[in-house]
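Enquirer: Let me begin by handing over the structure; questions about it come next.
Read the figures in this text as sums done on the coordinates, not as results from a lab. Since we're looking at a predicted model, the values are computed, not measured. We place every Cβ from the backbone using ideal geometry, glycine too, and count neighbours over all the protein chains shown.
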Amino acid sequence: MMRLVADLGGTNCRLALVPAAGQSLKSVQSYRNEDFASFSDLLERYLASFGTPGIAEMVVALAGPVNGAAASQTAEITNRGWQLSAPDLSRDMGGIPVHFLNDLSALGHSLVDLTHNDLAEVYPVRAVDPLSQKLVIGIGTGFNVSPVISTPEGVTCLKSEYGHVALPLDLHQALVAQIGSKAEDFTTVECCFSGRGFTALHAAFAPHAPPRSAAEIMAAPLHVEGTGFVTFYAQLLALLSRNLLKGFLPLGGLYFAGSVARSLLTGPGGSAFVAAYCQADPRFPDLTAPVFCILEDAAALKGCAALRFPAA
């Protein structure tokens with residue numbers, strides 16, 4: 001009997017099977033959500049393609065909030081209008097246990113199983129206690145964080161809506177120094193640190209440049225203002241990281257995920273980020289933590305596989 005795990009985003013869904021006795025992923029498959037009328041239809045296609053294997057339980061990571069208690073969880077994939085219900089999925093799957101969790105929580109559960117090849121080490125720190133608190137930071141379509149607490153008994157991932165927190169004063173001041181009154185348009189963390197925020201900040205930074213996608217902006221050597229903007233944005237991200245370091249004390253590491261973070265930290269902005277991040281805080285000169293970027297596309301599936309299923 002298997003555990004079925006799924007990473008359901010706004011655009012794509014990745015699924016896999018996990019043997020009951022282990023954590024290795026098998027039969028990994030990805031689908032475009034637009035090809036299906038519902039998640040149930042997508043799930044039916046996947047199971048049929050692998051001979052409808054016996055499934056004992058199911059864990060689904062979702063790019064959005066999960067509501068309700070363990071026995072009555074619901075979630076919504078807003079850009080598709082899909083409404084998901086754990087009790088309904090359980091019934092459709094023959095009464096098996098079904099559990100939902102946010103995708104950042106799934107990434108938090110995956111950290112213990114990620115290998116050196118699954119991570120890019122952005123800023124190393126010696127002698128880190130493996131049980132130290134960690135922080136997963138997602139920068140993609142939106143922004144959010146999930147504190148990760150590891151103990152010998154297992155992993156707990158805390159919920160947050162940090163993207164909607166007001167932009168810290170030091171970040172606002174950095175924006176004012178660079179883009180003047182346009183800084184008033186960036187009121188929350190997500191206004192700056194998301195795909196939309198990245199392109200909006202670029203437009204404010206280089207108002208005479210033609211509109212460019214995030215990928216085009218990242219191609220810094222192709223245009224002068226892009227080089228300057230990527231450096232500026234990396235410095236902003238380092239400033240935010242230093243705030244998160246004080247706010248959450250993730251001495252076990254900051255783990256960035258998402259397309260924006262990956263492109264920036266593993267590309268032309270990486271060195272500018274490190275130079276700004278490693279500056280000692282005058283009030284907390286010894287406070288530091290390593291920084292990583294999650295490269296493994298199946299990390300959320302690994303987190304679903306590693307999750308200790310909640311007791312009934």
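Enquirer: Say a site is exposed when it is one of the trypsin sites (Lys or Arg not before Pro), sits in a DSSP loop, and has at most 10 other Cβ atoms within 10 Å; what is then the longest site-free stretch of the chain?
Expert: It works out to 127-282.
Enquirer: What distance in nm separates the two pseudo spin-label positions at Ala215 and Val176, each 7 Å out from Cα along the beta-carbon direction?
Expert: That separation, rounded to one decimal, is 3.8 nm.
Enquirer: Suppose each label sits 7 Å from its Cα in the direction of the beta carbon; what would the Val28-Glu161 distance come out to in nanometres?
Expert: 3.3
Enquirer: Gain in length, Asp41 to Asp286, computed as 0.36 nm per residue apart minus the alpha-carbon separation, to one decimal in nm?
Expert: So the extension gain works out to 82.9 nm.
Enquirer: Continuing with the same structure: Arrange Thr78, Thr151 by Cβ neighbour counts within 10 Å, fewest through most, would you?
Expert: In increasing order of surrounding Cβ atoms, one gets Thr151, Thr78.
Enquirer: Share of antiparallel DSSP beta bridges in the chain, in percent to the nearest 5?
Expert: Of the beta bridges lying entirely in the chain, close to 60 percent run antiparallel.
Enquirer: If I stretch the segment between Asp113 and Lys246 completely, what's the gain in nm (0.36 nm per residue apart, minus their alpha carbon distance), one decimal?
Expert: 45.2 nm
Enquirer: If you don't mind, another one. Using Cβ counts within 10 Å as a stand-in for footprinting exposure, how do Cys304, Cys278, Cys13, Cys192 rank, fewest first?
Expert: Fewest to most other Cβ atoms nearby, the residues stand as Cys278, Cys13, Cys192, Cys304.
Enquirer: Next question, about the same structure. Which whole-number percent of Cα pairs in region 106-183 have a distance greater than 20 Å?
Expert: Of the Cα pairs, 50 percent sit more than 20 Å apart.
Enquirer: On alpha-carbon atoms, Rg over Rh for region 35-176 using Kirkwood Rh?
Expert: That ratio is 1.03, to two decimals.
Enquirer: Mind checking the angle between helix 224-248 and the chain's longest principal axis? C-alpha axes, 0 to 90 degrees, to the nearest 10.
Expert: 70
Enquirer: Next question, about the same structure. Rg (Å, one decimal) plus Dmax (Å, integer) for the alpha carbons of region 116-294?
Expert: Answer for region 116-294, Rg first and Dmax second: 16.1, 56 Å.
Enquirer: Next question, about the same structure. Give the order of Thr156, Thr52 when sorted by the count of other beta carbons within 10 angstrom, beginning with the fewest.
Expert: The order, fewest Cβ neighbours first, is Thr52, Thr156.
Enquirer: State, to one decimal in nm, how far the label point of Val125 lies from the label point of Thr78, with both points 7 Å from Cα in the Cβ direction.
Expert: Taking the two extended label points, one gets 3.3 nm.
Enquirer: Using only Cα atoms and rounding to the nearest 10 degrees, what angle (0 to 90) does helix 169-179 make with the longest principal axis of the chain?
Expert: Between helix and principal axis, roughly 60 degrees.
Enquirer: Let me ask something else. Rounded to a whole number, what is D in µm²/s for the chain from Stokes-Einstein with the Kirkwood radius over alpha-carbon pairs (10 °C, 1.306 mPa s)?
Expert: Value of D from the Cα-based Kirkwood radius: 77 µm²/s.
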